[in-house]
Structures are given as C-alpha cells and as structure tokens.
Amino acid sequence: MHFESFSIGRPQILPLVLLFIPAILFLQARCRKITRAVSLSYTEQENSSLMKPLRRALFARSLLRCLAWIFAVLAFSEISWGNKKIPVHKSGSNVTFVFDISYSMLAQDGPNKMTRLAGAKQYASFLLKELSSSSFSAVIAKGDGSVAIPETEDSSLMETMLENLSPHLMTSAGSSIGKGIEAALDAIPRNSAKSQYIWVFTDGDETDKQLGKALEKAVKFDVPVSIIGFGSEQESEITAGDGKTRVKTALRSKKIQEIIEDVEKHNYQFFSSKSTESIRFIDSESTGSAWKLLNQVHNSSNREESQLSYEVQNINHHTLFVFLSLISFVFSFVAGEFSLSGCKKLRTLLAATLIFSAFFSTSCSSEKKRILEGSWEWYGGKYTAATADFLNSVHSSRPDSLARIYAIFDLSATYLSMGELEAAEERLSQLNLDDGQLPAELRSSAFYNRGLIAAKKDDYATAATFFKKAIKANGKNTDAKINLELCERELTERQAKSARAEMQGVNEEKAEKSDMKSEIFTVIRENEGKKWRNMSDGGEKENDELDY
C-alpha cells in the first residue's frame, strides 16, 4: 500500500466530522433521561443490577453511531491512497509544442550561424507538416510558461506563431523549461481520451532548476516528454535581456540527461512496465531525430493494440468507508439489544449483520456492481474512471452476456460525452441492434446515440435514419422524435439555401482564421498585462534575476 499518493477529493466535506461533538452531547442528555426514567420504575435492588449494563449499552450505541457518521463523512470525502493501473481507450493524439524563447536561444551557434530559436522554428515547421492526423497546441516558456495556442488542428495558426516567436513575447526574466512543461500539462483536458505528447524545443540552459520536478509530474500523468536540444555544446557569448550584460551559454545536453536519469531512478515503478521511453533527450542535429519523434505519434495512432493503454490512478476507498459506516450503524442496534432483550435478539441481529456483510463483500466483485460504479462515475463527470469500469466489464464478461452488452453501450455513451465520436461509433457498431431479443429501450438508446454522432458530423440524413429506428424500437423515445423533426427541418433549409450558405461559410471561415491569428498574441499580451498590474498593486519589486 502506497501512502505517498494519499489524496482527498472533497476536503470541504471533512469539517462535517465535527458534528459528532454536539451529537455526543445530545446522546448523553438522552441517556441521562432514559436512566432517570428507568430508576423511577424499579426498586433500589433492581436498579443496582440493571443500571450498569444499561449505561454500558447506551454508551456503546452512542459510540457506534458516532463512528458510523464519521465513516460516512470520510466516504463522501473521496479519500484515496495507493495506485492502480486502469485500462483507458486512447483515440487520436495531441502534441503540445513547448518553445523556450529565452535570450539564450538567440545564440548563433547553429548550422550556418543560425540562431537556436530560428533552428527550432524550422524544425517545428517540418514536424507540423507531418502531423496531419493529429491535433496540436503551443506553449511559450521563458521565466514562466504560458499557453499560446489551445488544442487545434489549424496548422496555419501554428505557422503564424512560429514566425513571431521572440523573447519579447514575455516579460518574465530568466529561463524556466519546467514551468513551460507544467503549463502544457495543465492545458491538457482532464477527461481527454487522446494520447498526449509534449515536445520541448530548448537549449536546456535553465535558471530556476524546475525541469526535474516538471518531468516527474509528467511521468505520473503518463504524458511522454521529448526534449529536443538546439545549439552547440561549446559555450557562446550573448547579451542578456538588460542589453548590457554579456553571458555565456551552451546546449546543456549532459545536464538534461542527468536530470532524466535522476527522474527515472526515483520513479522506477512507473517505468518498469513501459515498453517506450516516457522521457528522452534528442539532439536536433542527430541523424533521424525527427523520425524518432514522428514515429512515436504515428505508432500510437496506427497500432490497434495501442488503443487500449493503462493509466496510473489513485485508488478511491469510499466503498470501504461506506461498508464501515453501515456496519457501525447496524451494530449500534446490536449493542442496545444486548442488555435489554436477551440473547435471542442478539443472535438474530448478529446473523442479519453477517448476511449483510457477506452480500456486500461478494457483490463487490460482480459485473453489475462494476457497471453501477461506472454509471456513478459517469454522472459525476469522471469519464476516465467510468471508462475504466466499463472496459473492465467488457473484458471480464462472457461474450454473450447481457452485462457485456450494457457495458459496451455505457462505454460508447462515455466516449460520446468526451467528444470522442469515432471511438463511440466503433463501440456501438459492436452491438447487434437488429437483434429483436435485446431490450427495446437499449436498442432505442443505441440508435439514438448513433443519430447524435451523425448529427455532430453534420450528416443529418443519416442522423434522421437512426432517429427513425430509435422511435421504431421504442415509441416513447420523445427525444428521438424531437431530434428527427429538427434534422428534417435542417435538411429542408439546406436544400433551399445551399448556394448562399456555402458562400457565407467561406467568408466566415476566412474572417474567423484572421481573428484567431490576431487573438493569439492578444491573449499573451493580456496575461503579461495582468502580471504587471499585480506587481504594481503590490508595490514595485526589483527583480535581480539575470534575464538570459
């Protein structure tokens, strides 16, 4: 059991534990009232033989009910510890480009006296042309990290940003590669089902020594990081950001490799089961460097077995605390009955408790319970955890069982909620929806979801066909009727206005791209402006860090 991964999902609920204090005071007052009433009903000799076990029984009942409350609060707090590997379906890939734009990247020690930053621009531009099947995003790093372009598939935005990369885009002094990696990790959607990769373009000359910490975070999030080195290992002299100070800088490849080895040493449990390198350093001038990067992404997209990968997540122990809470509550009645009604009731309650415990523990391993747990996670918006539960049910259920059919449907619904349309459609295609023996509501819901997928792809004719099948399978599916009418209305409008809609679409697309290109740098300027305003609100603060 690994307590180093201890976490609390809802710490705001923990203060409710303190409610047991007024509860104890109330129970004590009630116990005094009961004992006073009993003492008035019996003789003095009877009181002496009755009061002691009565007080003991009331105390035990109060204590067990307080424990039941405490365990219930801990259960809803979502306390977790230890790690487990869960299967996660990965569909598609996203590459985050992290560009080091510190002044050291202006050193002219590249091929043909090219600056390191110019070399990184050309290298990244070549990689972009080969990532036609992936999405990408961009982060710029200097003394801090900032997201320049959120996840997109528009390569023209990236090309525009590459043309304008400069140390002047950020006012933060120094060089922090680690903060750039952390900004990339924070920008990854929490419930994304895409395979994530981070490519860092840098000379490795950092000033805050945060690279190792950021790489450890990436390892625990199971996001591969490739550091591409630019420049010469022989030191060059450049002018720092103040325009006066001359400093020496070089490609710190040896330093980067030492940091990677140290991270692997301290996180060996995460590397032992991996067949590919999660963290690596690649010299941009080495033979086949670009092929190594592209091969990693293309393999994850083309290999069928790579669609099912494993992520390390903390183990949530809310089920344990719910069990302890219920057992404590049941035994509170046992404690009261022990002294007041004899051993016969005691044996009855103990037998009921044991039966309940056996049912609770054996049902934990059932496929139905796993599907219910996945549904609970799905309603809570925890799609990754729900995916793990449904995948486990699919792989462990019998091929012809109804539980497996429901697990496949729930898995497709989860992918649909995550926006992974191809993965959702692939799972729905595994169901034989023409089988009349399947429950009518399940068939109707499956046809309905296929209609939603087609509508999201702007294929309204196919969507209308699936909505009709959903209504035929279950005439009470009101949502399918509404969406069918909307699809038919959309098809009618498209036929009437197809030519004009096409012309407007082209003009709007051009205007939108133009606006997005200008907004890239507006966002960066706004972030920088906020930092300066925060500094001015707190008084002027001198920064003596050398900016290079």
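Please treat every number below as a calculation from the coordinates, not as lab data. Since the model is a prediction, treat every value here as computed from it, not as a measurement. Every residue, glycine among them, receives a Cβ derived from its backbone with ideal geometry; neighbour counts consider all protein chains shown.
Sort 434-443, 207-216 by the packing proxy (mean of other Cβ within 10 Å over each peptide's residues), most packed first.
Result, highest mean first: 207-216, 434-443.
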Estimated FRET transfer efficiency when R0 is 25 angstrom, pair Lys213-Glu235 (beta carbons, to 0.05): 0.45
Per-pair calculated FRET efficiency, R0 = 22 Å: Glu261 and Gln108 via Cβ, rounded to 0.05: 0.10
Burial order of peptide ranges 200-206, 10-16 (average beta-carbon count within 10 Å, highest first): 200-206, 10-16
In nm, spacing of pseudo-spin labels at Ala29 and Glu285 (7 Å Cα→C-beta vector): 8.2
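Could you give the length gained on full extension between Arg494 and His395, defined as 0.36 nm per residue of separation minus the Cα-Cα distance, in nm?
On the way: separation 99, 0.36 × 99 = 35.64 nm, distance 4.36 nm.
Stretched out fully, the Arg494 to His395 stretch lengthens by 31.3 nm.
Take peptides 221-231, 71-81 and line them up by average Cβ neighbours within 10 Å, highest first, as a rough protection proxy.
On the way: 221-231: 22.5, 71-81: 19.4.
Going from most to least packed, we get 221-231, 71-81.
Apply 1/(1 + (r/R0)^6) to the Cβ-Cβ distance of Lys457 and Asp186, taking R0 = 35 Å, and write down the FRET efficiency to the nearest 0.05.
Working: r = 30 Å, r/R0 = 0.87.
E(calc), rounded to 0.05, equals 0.70.
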